[in-house]
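Okay, so here's the structure we're looking at.
Just so it is clear, none of the values below were taken in a lab; they were calculated from the coordinates. Note that this is a predicted model, so its numbers are computed, not measured. Glycine also receives a Cβ, built like all others from the backbone with ideal geometry; neighbour counts cover every protein chain displayed.
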């Protein structure tokens, strides 16, 4: 899956949890929680949605590494199984 | 008309979701009722068939008024939501407004008359409302769900204002706070979650709610209602959980029997409750009987919250954000995870002495998370 596709999936998962968020307003390198009004329950739901969409289960110990949209996408790109080709 | 909170005196029947003759099963949602807290789905308590609908949509009736008659298998028809009321005249004809509407042509949207009126009032185009009623009909709740957050929150603000004004007017609050070292709880939770998939992960709210419920069961004078000049102890700890809504406002439906349920069960039920409250489908049984309320600010809020008691309850427990703080253990200064727990309680029922004992019990219980 391409980086662009993963980013699209992240925004789609976020829209399910926080429908009022305008993806165009998100700053890539600013913590998500500083930009979006989501509580710990919403975060958990967001992670479950990401797991459903991408098959990546993010453990609690990695929460610090996925605080901004850019870092979250980087993290997922590294761990998402590549589709197509020989992979 | 079911009581959706001990302070509720009347409600407006918004819409029937069933028609005369239709079979219903216990727990099925058969009507929508509007209260100060918003539109609530009413569940039926019997299995049988709707024999008669007694209240016309749009009518405001006192709590205890029979809404419908249900014929149970092998038994006589019972009046819904009015176990102690006299049965209405059996000769009353079925309510005209509840008669089945003619089938709409395929592709045309079915909209109940009240939903249409509500949509007009709110200035909402029906073409962007998704119907969830019988045969996909648009109901009032559907319309309200699609209302702009601003419009929806106006009614919610009024309801919160009314309840909180009454509380401040009538309830002599006293307030206590204590800092609790929850490092053992945080460690226990991290260890538990490390070995589980994200779908089975527990939030700290679940063990905290269990601790509060257990502590309340040991201090029952904080768990109950104050009605007609008298304290009535709750039959169990039905923990009202304050849940904020997107776009403003909040609701505090009950997690029933919270003191006796395993933490995992509480987590599952809490998740379900938050989902449904935010989707606008809270059930009548959940608003009816909280005996106490907890407000928890979670991981993003501030460290301390002093709540206002939700009448006619007599206590509210506030849980702030857990923060790392300097803490003295055995004469040494170290960093620990600290939770500030507060109690707002009704001085007509308890004194600060009992309140302090409750917070001390809560502290003690949270030191042994594996026993919660």
Per residue Cα convex hull volume in Å³ - calculated over segment A:3-79: 83 Å³
Crossing angle, helix B:183-194 versus chain B [Cα axis fit, 0-90 degrees, rounded to tens]: 60 degrees
Spatial separation of Cα centroids for segment B:25-64 and segment B:109-124, in angstrom: 20 Å
Chain A: angle of helix A:40-54 to the longest principal axis, Cα-based, in degrees nearest 10: 20 degrees
Folded to 0 to 90 degrees: helix B:113-122 orientation relative to chain B principal axis, Cα: 50 degrees
Computed E for residue B:357/residue B:264 - FRET, C-beta separation, R0 25 angstrom, nearest 0.05: 0.30
Inter-probe distance in nm under a simple model that places probes 7 Å from Cα toward Cβ, at residue A:67 and residue A:30: 1.5 nm
Pairwise FRET efficiency - residue B:367 versus residue A:79, Cβ, R0 = 51 Å, nearest 0.05: 0.85
At R0 = 35 Å, FRET efficiency that the Cβ-Cβ distance of residue B:306 and residue A:2 yields, to 0.05: 0.10
Whole-number percent relative contact order across segment B:172-371, with pairs defined as alpha carbons under 8 Å at least 6 apart: 30 percent
Tensor-based shape of chain B (alpha-carbon gyration tensor, a/c under 1.5 rounded, otherwise prolate or oblate): prolate
Highest-MSF residue in chain B out of B:235, B:66, B:303 [GNM, Cα springs under 10 Å]: B:235
Tensor-based shape of the protein assembly as shown (alpha-carbon gyration tensor, a/c under 1.5 rounded, otherwise prolate or oblate): oblate
Pairwise centroid distance, computed over Cα atoms, of segment A:9-87 with segment B:280-331, Å: 28 Å
Top of A:14, A:54, A:44 by mean-square fluctuation, Gaussian network on chain A, Cα under 10 Å: A:44
Simple label model, 7 Å out from Cα along Cβ direction - residue B:10 to residue B:195, nm: 5.8 nm
Gain on full stretching of the segment that runs from residue B:109 to residue B:47 - 0.36 nm per residue minus C-alpha separation: 19.3 nm
Per-residue Cβ neighbour rank within 10 angstrom, fewest leading, A:47, B:333: B:333, A:47
Stretch gain in nm, segment residue B:335-residue B:154, where the contour uses 0.36 nm per residue and the Cα spacing is subtracted: 60.8 nm
Max mean-square fluctuation residue, GNM over chain B, Cα-Cα springs under 10 Å, options B:162, B:205, B:194: B:194
